[in-house]
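Worksheet for the structure shown next.
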Amino acid sequence: MSSAVLFDAPGPRARVRNGLLTVVSVVAVAAVLYGIYAGFDAKGQWEAKIWQPFLEWDTWLNFIIPGLIGTLRAAAVAAVLALLFGAVFGLARLSDHAWIRVPAGVVVEVFRAIPLLLLIFFIFYLAPAVVGGGDYTFIAVVLGLTFYNGSVLAEVVRAGVNAVPRGQSEAAYAVGMRKNQVMRLVLLPQAVTAMMPAIVSQLVVLLKDTALGYIIAYVDLLNTGFKILPAAFFGSLIPAAIVIGIIYVALNMALSYMATWLERRSRRSRRTAARPVVAPGSAAVGIGAGEGTEGGGVAPDRPVE
């Protein structure tokens, strides 16, 4: 839809006003950036000697790359487990049997309500009593991310299935399909496309939340790059923060790009009448959730036929 349909064409005064507002905004942003630069410069944070470690291969080999591997390792394992958790409990919440639906709902709501940092702490201190040995920090980070993000994804799955119009399941039952066939062959294939923006949004959150392992000394990108590395090279705290921040941005942009490609390919290969789903408490990241659909948001609850 063109902008002319949504907005009136600006007149001469409006164009002048918009131009002035643009200039003022650019000047204000430039002033803020210069203030940040001047503040860092007064503290000597732009001196070449404190940036030098990031130009040396040993710094990346001994600090940043091991931390990056730790972050990706925890995020990958937690993402797989969270998707499985979300699929199982999301479908369980759609069950016709109360003895399955109610406990699944309690589990999901409990883990959604507990702050993730508190969950990681609890698992970290409980793990030695339950697990005989192993990397307790890794276990705590992965399980914390799994339970919290998996509970959010369970709501995404439930909403995604509910977003498929009722007529789809009614038509499937009319041709003699059983309940599990309707779910597996009709509802889920369409729901996956609608759920994709919300799933990716939550996976981006999961990737960023691996940084909470910093609190229990898990060897991740934030820990090695923002705590250990500045301690080894005194005075490089701000450069370390900037470099680590850029790496996190690059990781999340790569994830969003891959998800955008996957969603477009999925929409080309499978048409769906389901509306896009937005994860509870978040917005879809990097995906055109409104392409080829009407409406948006989470579909109202309805029982599965």
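The values are calculated or read from the model by the stated rules, or taken from the named source; none is laboratory data. Since this is a predicted model, take the numbers as computed values, not measurements. Don't worry about glycine lacking a Cβ; one is built from the backbone with ideal geometry, like all the others, and counts go over all protein chains shown. SASA here: full protein model, heavy atoms, side chains in, ligands and nucleic acids out. Shrake-Rupley method; radii C 1.70, N 1.55, O 1.52, S 1.80 Å.
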Boolean, Tyr257 is of a type in the set (Phe, Trp, Tyr) and either without any contact (Cβ under 8 Å) to a residue 60 or more places away in the chain or out of contact with any helix residue (DSSP H, G or I) (no Cβ under 9 Å at 6 or more places or on another chain) (or both): yes
Only listed residue being of a type in the set (Phe, Trp, Tyr) and more than 30 Å from Ala159 (Cβ to Cβ), chosen from Phe63, Phe89, Phe111, Phe85: Phe63
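Restricting attention to the stretch 37-80, and to residues there that are among the aliphatic types (A, V, I, L, M) and more than 29 Å from the chain's Cα centre (by Cα), which single residue is least open to solvent (accessible area, probe 1.4 Å)? Show your work before the answer.
Here is the first cut: in the stretch 37-80, the residues among the aliphatic types (A, V, I, L, M) are 38, 42, 48, 50, 55, 61, 64-65, 68-69, 72, 74-80.
Restricting the remaining residues to those that are more than 29 Å from the chain's Cα centre (by Cα) gives 38, 42, 48, 50, 55.
Values: Ala38: 39, Ala42: 86, Ala48: 78, Ile50: 16, Leu55: 135 Å².
The extreme case among them is Ile50.
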Test for Ile64: is it of a type in the set (A, V, I, L, M), without any contact (Cβ under 8 Å) to a residue 40 or more places away in the chain and part of a helix (DSSP H, G or I): no
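One line per residue, one yes/no per condition, for (1) surrounded by fewer than 22 Cβ atoms within 10 Å (Cβ to Cβ); (2) under 19 Å from Leu91 (Cβ atoms); (3) of a type in the set (Ser, Thr, Tyr):
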{"site": "Val110", "(1), (2), (3)": "yes, yes, no"}
{"site": "Leu116", "(1), (2), (3)": "yes, no, no"}
{"site": "Leu126", "(1), (2), (3)": "yes, no, no"}
{"site": "Val130", "(1), (2), (3)": "yes, no, no"}
{"site": "Ile139", "(1), (2), (3)": "yes, no, no"}
{"site": "Glu155", "(1), (2), (3)": "no, yes, no"}
{"site": "Arg158", "(1), (2), (3)": "no, yes, no"}
{"site": "Asn162", "(1), (2), (3)": "no, yes, no"}
{"site": "Val186", "(1), (2), (3)": "yes, yes, no"}
Residue satisfying all of: in the stretch 135-170; touching a helix residue (DSSP H, G or I) at 6+ places or on another chain (Cβ under 8 Å) and farther than 18 Å from Phe85 by Cβ; modelled with the highest pLDDT among these: Thr137
Unmet criterion (only one of (1) touching a Lys or Arg at 6+ places or on another chain (Cβ under 7 Å); (2) open to solvent by less than 50 Å² (accessible area, probe 1.4 Å); (3) in contact (Cβ under 8 Å) with a residue 60 or more places away in the chain) for Arg93: (2)
